[in-house]
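Below: the structure, in structure tokens.
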Ligand code: APR
């Protein structure tokens, strides 16, 4: 399908990414057959109640995932690179909203971005709310670099039941975008799963899903292209930039 004529090179673009964009870099998704939630339950490791009940189990879950992310074999892939290139080459504003807590978008060069579910390489102190870069393990004995207190350090990750970050800024961008692109997400978790409706109904944006297979929300999109992110994302970015001339 050709790009909509309403799109001009100064059109604002909002991109939403999920775990699928990092799959070909070697990081697990959540709801695929071999996904993270097929091995451990959300209620055990990804809620504030789980952390209050068994902080060691929750810290252990994120300590393992943090070290996996820091494995040198895990590198940004061609889809991450294509989005970083789009941000640089597209004359209009490009805002990248990711549900992912990895740092592969940044390492690929994206800068205008929001981690709405937080970041695995940051730690948050429950005592003083300080956020610190964090590449090691976390435990109950970890002192906060700011206030020095122990027993309060947690991954700076948004758990189920908590409010995602920067929702006002995200909805403001959705309300004025001309193009909304959703990449590598199953469309199962709100508020992210509702962004496509917001972009369509409030901004009248053209909406595109780029995913390995149709997501739960595929019918809400004006256009959908299915295949591995490292193939469909660079191809779509190339088409967009041809429009920009
Ligand atoms: N290329 C493109 N898409 C892919 C690829 C790939 N190589 N591999 C998998 N996918 C797709 C899957 O088809 C699926 O639709 O990526 C999507 C991943 O969906 P989920 O595992 O549900 O991950 P995500 O949508 O990011 O989950 C949203 O749920 O568990 C919470 O906070 C967590 O941020 C996460 C949120």
Completion exercise
Here the qualifying pairs (Cβ atoms under 7 Å; residues six or more apart or on different chains; first in the range 19-35 and touching a residue at least 24 places away in the same chain (Cβ under 8 Å) and over 17 Å from residue 117 (Cβ atoms); second more than 6 Å from the ligand (Cβ to nearest atom) and assigned to a loop (DSSP other than H, G, I, E, B)) come out as 24/77; 25/74; 25/75; 25/76; 25/77; 26/73; 26/74
Exercise for the section: Kindly provide the set of residues from the range 92-111 that are more than 16 Å from the ligand (Cβ to nearest atom) and either touching a helix residue (DSSP H, G or I) at 6+ places or on another chain (Cβ under 6 Å) or closer than 25 Å to residue 161 by Cβ (or both), ordered by number. Expected result: 94, 95, 109, 110
Handout entry: Scope the range 212-245; condition near the ligand (Cβ under 9 Å from one of its atoms) and surrounded by 20 or more Cβ atoms within 10 Å (Cβ to Cβ); matching residues
Key = 215, 229, 232, 233
Exercise for the section: Considering each of 168, 209 in turn, give the residue that is surrounded by fewer than 14 Cβ atoms within 10 Å (Cβ to Cβ), within 18 Å of the chain's Cα centre (by Cα), closer than 23 Å to residue 114 by Cβ and at pLDDT 95 or above. Expected result: 168
Handout entry: residue 193 touching a helix residue (DSSP H, G or I) at 6+ places or on another chain (Cβ under 8 Å) and in a helix (DSSP H, G or I)
Key = no
Exercise for the section: Could you check, for the range 117-138, whether at least one of its residues is in a helix (DSSP H, G or I) and within 16 Å of the ligand (Cβ to nearest atom)? Expected result: no
Exercise for the section: Would you check if there is a residue in the range 204-211 being over 15 Å from residue 24 (Cβ atoms), in a loop (DSSP other than H, G, I, E, B) and either touching a helix residue (DSSP H, G or I) at 6+ places or on another chain (Cβ under 6 Å) or within 16 Å of the ligand (Cβ to nearest atom) (or both)? Expected result: yes
Exercise for the section: Scan the range 114-132 and report the pairs whose first residue is touching a residue at least 40 places away in the same chain (Cβ under 8 Å) and whose second residue is assigned to a strand (DSSP E or B) and away from the ligand (no atom under 16 Å from the Cβ), with Cβ atoms within less than 7 Å and a gap of 6+ or a chain change. Expected result: 121/133
Handout entry: Only listed residue being in contact with a helix residue (DSSP H, G or I) (Cβ under 7 Å, 6 or more places away or on another chain) and crowded, with 17+ Cβ neighbours inside 10 Å, chosen from 153, 120
Key = 120
Practice task
Output the number of residues of the range 156-177 satisfying the condition of being out of contact with any helix residue (DSSP H, G or I) (no Cβ under 8 Å at 6 or more places or on another chain) and not in a loop (DSSP other than H, G, I, E, B).
Solution key: 6
Completion exercise
Of the residues in the range 91-101, those that are outside any strand (DSSP E or B) and closer than 19 Å to residue 199 by Cα come to 92, 93, 99
Fill in the blank from the handout: Wholly inside the range 27-90, helices (runs of 4 or more DSSP H) that include 2 or more residues that are out of contact with any strand residue (DSSP E or B) (no Cβ under 6 Å at 6 or more places or on another chain), under 17 Å from residue 160 (Cα atoms) and within 11 Å of the ligand (Cβ to nearest atom) are 42-45
Fill in the blank from the handout: Just one listed residue, out of 88, 98, 142, is surrounded by 18 or more Cβ atoms within 10 Å (Cβ to Cβ) and free of Cβ contacts under 8 Å to residues at least 24 places away in the same chain, and it is 142
Fill in the blank from the handout: Counted residues in the range 175-190 being touching a residue at least 40 places away in the same chain (Cβ under 8 Å) and within 16 Å of the ligand (Cβ to nearest atom) come to 9
Practice task
Would you tally the residues in the range 99-115 being in contact with a strand residue (DSSP E or B) (Cβ under 9 Å, 6 or more places away or on another chain) and within 18 Å of residue 236 (Cα to Cα)?
Solution key: 2
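The values are calculated or read from the model by the stated rules, or taken from the named source; none is laboratory data. Remember, predicted model here, so these are calculated numbers, not experimental data. Positions of Cβ are backbone-derived with ideal geometry, glycine not excepted, and every protein chain shown enters the neighbour counts.
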